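S.K.: For reference, the structure I am asking about is given below.
The values are calculated or read from the model by the stated rules, or taken from the named source; none is laboratory data. Computed from a predicted model, the values in this text were never measured in an experiment. A quick note on method: Cβ atoms are made from the backbone with ideal geometry, for glycine too, and the neighbour counts reach across all protein chains shown. We work out accessible area using only protein heavy atoms, side chains counted, and drop any ligands, DNA or RNA first. Shrake-Rupley method; radii C 1.70, N 1.55, O 1.52, S 1.80 Å.
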Amino acid sequence: MSERSAAEVVEAVAGAFTRLVGREPAGVWSAPGRVNLIGEHTDYNDGLCLPIALPQRTYAAASLRADGRLRVHSLQRDETVEVTLAEVTPERPGGWAAYVAGVLWALGRSGQRVGGLDVVIDSTVPVGAGLSSSAALECSVAAAADELFGLGLMGSAEGRERLARACMAAENVIAGAPTGGLDQTAALGCRERAALLLDCRSGETRQVPFDPARHGHALLVTDTRAEHALVDGQYAARRQSCEEAARLLGVPTLRDVPVSGLEAAVTRLPSDEMRARVRHVVTEIDRVGRAAAALEAGDLAQVGRLFDASHASLRDAYEVSCAELDVATETARAQGALGARMTGGGFGGSCIALVPAGSVEAVSVAIAAAFEERGFAPPASFAVVASGSARRDA
Ligand code: GLA
C-alpha cells in the first residue's frame with residue numbers, strides 16, 4: 001500500500017510531466033478507486049449498488065497537444081504510449097493505455113470536441129486488487145479532458161453521468177471488459193463520509209451517510225493478492241447468463257423480478273445454475289435497499305449482517321468468490337467484525353469488513369496469519385474512509 005500523501009503525488013506527477021514533456025502541465029486531475037459496500041453484479045442487471053470512493057487515487061497531469069495525438073506515460077510502468085486519436089480501436093493502443101485513449105475516443109464518439117493530449121499518470125490505487133484502478137484512470141483523464149477541452153460536464157450531476165457513460169464505453173469497447181457502470185459512477189459521484197446509492201436503471205443517485213467511525217467502527221479493506229482479471233471469460237459468462245434468464249422470464253432485465261416473486265419465477269428457468277444466478281441478483285438488489293435504510297438509521301450491526309448474507313450469496317449462488325476471499329471474510333468475522341464480504345467482480349481481489357475501530361490491527365494480523373497457514377500470498381489490509389470523487393488537484 002502506498003503511503004504517499006495526495007500533495008506528494010501531485011507534486012511528483014507534475015514534476016515528472018515537466019521532465020518528460022519539456023513544459024509544465026496545464027493541471028493535475030485525479031479520481032478515486034472504490035469499494036462497493038454492497039450490490040455486487042447488480043449494475044449490469046439495472047439494479048442497485050452502494051459504493052464509496054477510496055482515499056487511494058489516480059492522478060493525471062495533462063496539457064493540450066495541437067496534433068491530434070495522445071502521448072501518455074505511466075510512472076508505475078515506466079512506459080510511454082503514443083497513438084493518433086483517429087486511429088484508436090479495440091486493438092490500438094491496447095494494454096493500460098487503452099483506458100486513457102478509450103475515454104477520448106468515447107467522448108469524441110458522443111459528439112464532444114476533443115483532441116490530442118500529453119498525459120503523465122501516477123496512482124496510489126493498487127492494480128488488480130478489485131478496487132477499480134481502471135475506472136480511477138479513466139475518470140482522472142475524463143476530468144482533465146472536461147476542463148482542457150472546455151466540455152463543462154463536471155459541473156452538473158447530468159454532465160458527470162455523461163462522463164461516466166463515456167468512461168464505461170472506453171472500458172467496454174476499447175479496453176474490452178464488459179463491465180457495468182458501478183465503478184465509473186462511483187469515481188465521478190461519491191462524496192466524503194457518504195456512500196452513493198446508485199440506481200443503475202434510472203441513473204438516479206442518493207448520498208447515504210457512511211461514517212463508521214461515528215459508531216466506533218472502521219471499514220477494513222483486505223487486498224487478497226489473489227489473481228483478478230475482469231477481461232477473462234468468467235465475468236462475461238455471468239453477465240450472459242443473467243441476460244439469458246431475463247429473456248426466458250420475458251422481462252427486460254433481472255431488475256424486473258421482484259424478490260416476492262423470485263421463487264415462482266425461477267421455477268421457469270432450465271437449470272439449477274441459472275436459478276442460483278438469478279437468486280443472487282434479485283436478493284442482492286433487495287439487500288442494497290435494506291443496507292441503505294440501515295445506514296440511514298445508524299444500524300451498523302444490520303449492515304454487517306447484510307454484508308455476510310451478500311458474501312454467502314456471491315460464494316454459493318453466483319460462484320464468484322475464491323478460497324482467499326472466503327478465508328479473509330471468515331477470519332474477520334471470527335475476530336469480531338460486524339460483517340465481511342468480497343467487493344468488486346470477485347475471482348480474487350479485495351474483501352471488506354466492518355470491524356471495531358480498536359481491532360483494525362488485530363484483524364489485519366489474524367488475516368495475514370490465516371493466509372500464511374494456508375500457503376496463500378501475503379495479503380495487504382488497510383482501513384479506509386469514504387472519500388471524494390474526481391477533481392482538479394493543481
Ligand atoms: C466489476 C465491474 C462492475 C461491477 C462489479 C460487480 O467491478 O467493473 O461494473 O459489475 O464488478 O459488482
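S.K.: If we scan segment 157-176, do we find a residue that is in the same structural domain as Arg92 (by TED's automatic domain parsing), surrounded by fewer than 16 Cβ atoms within 10 Å (Cβ to Cβ), out of contact with any His (no Cβ under 6 Å at 6 or more places or on another chain) and among the aliphatic types (A, V, I, L, M)? Spell out the reasoning first.
M.R.: Filtering segment 157-176 for residues in the same structural domain as Arg92 (by TED's automatic domain parsing) gives 157-176.
Next, only the ones that are surrounded by fewer than 16 Cβ atoms within 10 Å (Cβ to Cβ) stay: 157-159, 176.
So of that shortlist, the ones also out of contact with any His (no Cβ under 6 Å at 6 or more places or on another chain) come out as 157-159, 176.
Filter again for among the aliphatic types (A, V, I, L, M), leaving 157.
Checking segment 157-176: at least one residue is in the same structural domain as Arg92 (by TED's automatic domain parsing), surrounded by fewer than 16 Cβ atoms within 10 Å (Cβ to Cβ), out of contact with any His (no Cβ under 6 Å at 6 or more places or on another chain) and among the aliphatic types (A, V, I, L, M).
S.K.: To continue, here is another question. Please work out if Ala370 is over 17 Å from Ala237 (Cβ atoms), open to solvent by less than 20 Å² (accessible area, probe 1.4 Å), in contact with a Ser or Thr (Cβ under 9 Å, 6 or more places away or on another chain) and modelled with pLDDT of 95 or more. Spell out the reasoning first.
M.R.: Details: over 17 Å from Ala237 (Cβ atoms): yes; open to solvent by less than 20 Å² (accessible area, probe 1.4 Å): yes; in contact with a Ser or Thr (Cβ under 9 Å, 6 or more places away or on another chain): yes; modelled with pLDDT of 95 or more: yes.
The answer is yes for Ala370.
S.K.: Something else about it: Is it true that some residue in segment 113-120 is hydrophobic (A, V, I, L, M, F, W, C), in contact with a His (Cβ under 7 Å, 6 or more places away or on another chain) and more than 16 Å from the ligand (Cβ to nearest atom)? I'd like the intermediate steps shown before the answer.
M.R.: Initially, segment 113-120 is screened for residues hydrophobic (A, V, I, L, M, F, W, C), giving 114, 117, 119-120.
Still in the running and in contact with a His (Cβ under 7 Å, 6 or more places away or on another chain): 120.
Next cut, more than 16 Å from the ligand (Cβ to nearest atom) only: 120.
Scanning segment 113-120, I find at least one residue that is hydrophobic (A, V, I, L, M, F, W, C), in contact with a His (Cβ under 7 Å, 6 or more places away or on another chain) and more than 16 Å from the ligand (Cβ to nearest atom), so the answer is yes.
S.K.: Okay, next question. Helices (runs of 4 or more DSSP H) wholly in segment 208-312 with at least 2 residues that are within 16 Å of the ligand (Cβ to nearest atom), within 19 Å of the chain's Cα centre (by Cα) and not basic (Lys, Arg) - which ones?
M.R.: 233-249, 272-296
S.K.: So Val320 ticks every box in (1) of a type in the set (A, V, I, L, M, F, W, C); (2) touching a residue at least 24 places away in the same chain (Cβ under 8 Å); (3) part of a helix (DSSP H, G or I) but one. Which box is left unticked?
M.R.: Among (1) of a type in the set (A, V, I, L, M, F, W, C); (2) touching a residue at least 24 places away in the same chain (Cβ under 8 Å); (3) part of a helix (DSSP H, G or I), Val320 violates only (3).
S.K.: Would you be able to tell me the number of residues in segment 333-351 that are among the hydrophobic types (A, V, I, L, M, F, W, C) and more than 22 Å from the chain's Cα centre (by Cα)?
M.R.: Step one: list which residues in segment 333-351 are among the hydrophobic types (A, V, I, L, M, F, W, C), which gives 334, 337-338, 340, 342, 347, 351.
Then keep just the ones that are more than 22 Å from the chain's Cα centre (by Cα); that gives 334, 337-338.
Looking only at that region, the number is 3.
S.K.: Could you grab me the full set of residues in segment 43-99 that are within 16 Å of the ligand (Cβ to nearest atom), within 16 Å of Glu138 (Cβ to Cβ) and not in a helix (DSSP H, G or I)? Let's see the steps before the verdict.
M.R.: Start the filter on segment 43-99 by keeping residues that are within 16 Å of the ligand (Cβ to nearest atom), which leaves 43-54, 56, 58, 96, 98-99.
In the following step, the residues that additionally are within 16 Å of Glu138 (Cβ to Cβ) were identified as 43, 51, 53-54, 56, 58, 96, 98-99.
Scanning segment 43-99 gives Pro51, Ala53, Leu54, Gln56, Thr58, Trp96.
S.K.: For Ala142, all conditions in the list (1) closer than 18 Å to Leu182 by Cβ; (2) touching a Phe, Trp or Tyr at 6+ places or on another chain (Cβ under 8 Å) hold save one; what is the number of the exception?
M.R.: Here Ala142 meets the rest and fails (2).
S.K.: Taking the options Ser359, Ser364, name whichever one is away from the ligand (no atom under 16 Å from the Cβ), farther than 21 Å from Arg225 by Cα and at pLDDT 95 or above.
M.R.: Ser359
S.K.: Being within 14 Å of the ligand (Cβ to nearest atom) and farther than 20 Å from Asn45 by Cα narrows it down to one of Ala186, Ala169, Ala175, Ala164, so name that one. Break it down into steps so the answer makes sense when it comes.
M.R.: Values: Ala186 fails: farther than 20 Å from Asn45 by Cα; Ala169 fails: farther than 20 Å from Asn45 by Cα; Ala164 fails: farther than 20 Å from Asn45 by Cα.
Going through Ala186, Ala169, Ala175, Ala164 in turn, the sole match is Ala175.
S.K.: Turning to a different aspect of this structure: Does Arg191 satisfy being surrounded by fewer than 23 Cβ atoms within 10 Å (Cβ to Cβ), assigned to a strand (DSSP E or B) and on the phi < 0 side of the Ramachandran plot?
M.R.: Details: surrounded by fewer than 23 Cβ atoms within 10 Å (Cβ to Cβ): yes; assigned to a strand (DSSP E or B): no; on the phi < 0 side of the Ramachandran plot: yes.
Answer is no for this residue.
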